[in-house]
Amino acid sequence: MMQRVFLSYSFRDADREPARWVRTVLESHGIRAITGEALGGGGLTATVKARIDQSDAFVGIWTRREAIDEAGTKFRTSNWLIEEANYARHSKKPTVLLVEEGVDASGMWEAHERLAFSRDRPLEAILRFGQTLGVWRDEHGRIVEVRLTPDDIARKAAQPGSGYECHYRLHRGHEVGEWTRANVRSHSGGVLTHLFGVTDDQLFEIWLKSPNDSWMAPASASYVAMLEKVES
């Protein structure tokens, strides 16, 4: 699932407002913004690269610096913002740029990778960014909470030292993913497990096993897994 986005922007006081807009949208989707601000900015350091690598996606905000034409209608942005964006794209991160009106980004990025914004009229860009974020979240999937039944087997599996392991794998059509380990915990509503990265078009199969027995729930989209004993 998408949890962390690297937010690349200029730390000048005049450029903090667009970053605040983006943070608000990210937080509304439950996504944490990671930045290089505490590092002082100013270059693509190994630490900044590591933070980009550890993030699920990249958002760059390219604001105006010096004019690059005599009429004062075209502007460049910070070189280190460009370096960070290029690194993210070369690292195959989902990437989008919010480009202030007048900033020259032509020739470097495809049109679908850029969202133009105006400080006076930011709403359209914010809405389009929210749509992009929704697509990213759908592609990365969500956390699904599943209750395990029958209750007696589930409670036994949730006990410390029980020897049980819970695994799940995702199905999309004829495609079947690898088995992934999942935790099992007792809650007031029953014994639950959490599956990560589930998209709307996927089913999930659950396997509970110990050295002595094995239980499986067939692939479904149900939030209650009805485990059946697998005969050896």
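Its Kirkwood hydrodynamic radius, worked out from the mean inverse distance over all distinct Cα pairs, puts the stretch 116-232 at 16.1 Å.
The candidate values were (i) 47, 17, 15; (ii) 54, 19, 13; (iii) 31, 25, 15; the one computed from these coordinates for semi-axes √(5λ) of the Cα gyration tensor in Å carries the label (i).
When DSSP beta bridges are restricted to pairs lying wholly in the chain, around 60% turn out antiparallel. Fewest neighbouring Cβ atoms within 10 Å first, the residues D152, D120, D56 line up as D120, D152, D56. Normalised by residue number, the volume inside the convex hull of the Cα atoms of the stretch 1-63 is 75 Å³ per residue.
The tail of the calculated P(r) for the stretch 4-140 beyond 18 Å holds 52 percent of all Cα-Cα pairs. Compared with the dominant Cα axis of the chain, that is its longest principal axis, helix 123-140 is turned about 30°. Working note: 222 nm ellipticity from helices only, DSSP H runs with n ≥ 4, each -39,500 (n - 2.57), summed and divided by the residues of the chain, gives -8000 deg cm²/dmol to the nearest 500. Neighbour counting of Cβ atoms within 10 Å sorts the residues S222, S8, S214, fewest neighbours leading, into S222, S214, S8. Of all DSSP bridge pairs formed entirely within the stretch 142-229, close to 90 percent run antiparallel.
Bear in mind that the values in this text are calculations on the coordinates, not laboratory data. All of these numbers come straight from a predicted model, not from anything done at the bench. Neighbour counts run over all protein chains shown; Cβ positions are idealised from the backbone, glycine included.
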